[in-house]
1. How high is the relative contact order of segment 131-194, given as a whole-number percent (alpha carbon pairs under 8 Å, six or more residues apart)?
2. Tell me the mean residue ellipticity at 222 nm calculated for the chain from its helices only (DSSP H runs of n ≥ 4, each -39500 (n - 2.57), averaged over every residue, nearest 500).
3. In whole percent, what relative contact order does segment 97-208 give with Cα contacts below 8 Å and a gap of six or more residues?
4. Given points 7 Å out from each Cα along the Cα-Cβ axis, report the residue 173 to residue 5 separation in nanometres with one decimal.
5. Test of understanding: what is the full-extension gain from residue 50 to residue 134, defined as 0.36 nm times their sequence separation minus their Cα-Cα distance?
6. Remind me, relative contact order of the chain in percent, using alpha carbon pairs under 8 angstrom and six or more residues apart?
7. Fewest first, what order do 161, 186 take by the number of other Cβ atoms within 10 Å?
8. Full-extension gain between residue 103 and residue 71, please, as 0.36 nm times their residue separation minus the C-alpha to C-alpha distance.
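FYI, it's all coordinate maths here, none of it is from the lab. Just so we're clear, the structure is a prediction, and the values are computed from it rather than from any experiment. With ideal geometry, Cβ positions are generated from the backbone for all residues, glycine too; neighbour counts draw on all protein chains shown.
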């Protein structure tokens, strides 16, 4: 039995629509004498990350925790805070091919939602990157209080898109999120790069 054709797109932010230049963090780490990759390693440790993704703490509080964790290494809390602040000034870059795809499918009548595990800084980031008007809905885990890959996250996203799960195509670069979406009844595609866009266009194209 074939699936219903998708009439809405739910797309991940980091790793799909937004990309990060790893040399930025590496440059900060070199400047402060830190091990390469340590900023991301601390920030993404689940004990610090999970509370900010569910809105229990703010982005600023999360970064303060990262600075606290760096302080023993740097020996100075002010220096640790400065390193984190410098790292955080860079807010990533929009993938132009993905943005063009979003504009194209929206113009064809497909509703597009941003489905992201994010912090309370998300709206400011979208504005700074010129994305505030490029999406029909934004589904932010820190606002919902639940994050991908939870079934409840995807159920809320479908409600926001006003589209039943069977009609929503989800695109993400993480296997766990893709698997969670499928459990919730959505079609889901594991993103590997802009080369996937041809396939996604075909999936979302109107039936002949």
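1. Values: 78 pairs, mean separation 17.9, N = 64.
Contact order relative to length: 28 percent.
2. Working: 11 runs with 103 residues, N = 208.
Estimated from H runs of four or more residues: -14000 deg cm²/dmol.
3. Working: 136 pairs, mean separation 24.6, N = 112.
For segment 97-208, the relative contact order is 22 percent.
4. Distance between label points: 3.1 nm.
5. Numbers: separation 84, 0.36 × 84 = 30.24 nm, distance 2.75 nm.
Stretched out fully, the residue 50 to residue 134 stretch lengthens by 27.5 nm.
6. Details: 317 pairs, mean separation 59.4, N = 208.
This gives 29 percent for the chain.
7. Details: 161 22, 186 26.
Ordered by Cβ neighbours within 10 Å, fewest first: 161, 186.
8. Values: separation 32, 0.36 × 32 = 11.52 nm, distance 4.41 nm.
Gain in length upon complete extension: 7.1 nm.
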